[in-house]
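Worksheet: the structure to be examined is printed underneath.
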């Protein structure tokens, strides 16, 4: 992830704010992309690398909270930092409850904003790394045969090889063979490691 320059999106209808933030973001080593409205931002295709969104609450079309709701499901790896010209506690609470990582009231210092962006980019990188790991784990599980998936489910549930064989109507030796392939395909170093993988896949319950 570190090889990809993070993108900082800015949505604010004030051109002076956009230009000021664009210069600050570029100076910090990130890539700025600015938009005058929510609709302009929504028209931009998703970015695959680490990113965050600096979002004004008051916008001419969709306001900041409405945009937050619109993108909540589709852009999970893009933390939102709200900026506002006034301190409104109910709006702040609403934004934070909906998943915003920060809420800054204008005027704020450049240092405060840069610190908030830095933290948001860090969260984005962490989320993307975890998402990549989860996708890889799902792919490995999908590579198992139906029988191997059955064996894995029973093994992580705590059954011994003999019990697994009894459940599936196969010999203990066959269970051991399947179990060995499961460990190899899942790249599990130990049984606890396999159990953890099953939990991440929501198989254990």
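The values are calculated or read from the model by the stated rules, or taken from the named source; none is laboratory data. No experiment lies behind these values; they were computed from the predicted model shown. For neighbour counting, all protein chains shown are included, and Cβ atoms are generated from backbone atoms with ideal geometry for every residue, glycine included.
Before moving on, here are some points about what is shown:
- Exactly one residue out of 87, 74 is in contact with a strand residue (DSSP E or B) (Cβ under 7 Å, 6 or more places away or on another chain), assigned by TED's automatic domain parsing to the domain that holds residue 14 and modelled with pLDDT under 80, and it is 87.
- Contact map, segment 93-109: residues that are in the same structural domain as residue 20 (by TED's automatic domain parsing) and within 17 Å of residue 67 (Cβ to Cβ) paired with residues that are surrounded by 14 or more Cβ atoms within 10 Å (Cβ to Cβ) and at pLDDT below 80, Cβ distance under 6 Å, separation 6+ or inter-chain. Pairs shown: 103/92; 103/95.
- Residue 189 falls short of the stated requirement of being free of Cβ contacts under 8 Å to residues at least 60 places away in the same chain and outside any loop (DSSP other than H, G, I, E, B).
- Residue 60 modelled with pLDDT under 85, in a loop (DSSP other than H, G, I, E, B) and exposed (fewer than 15 other Cβ atoms within 10 Å of the Cβ): yes
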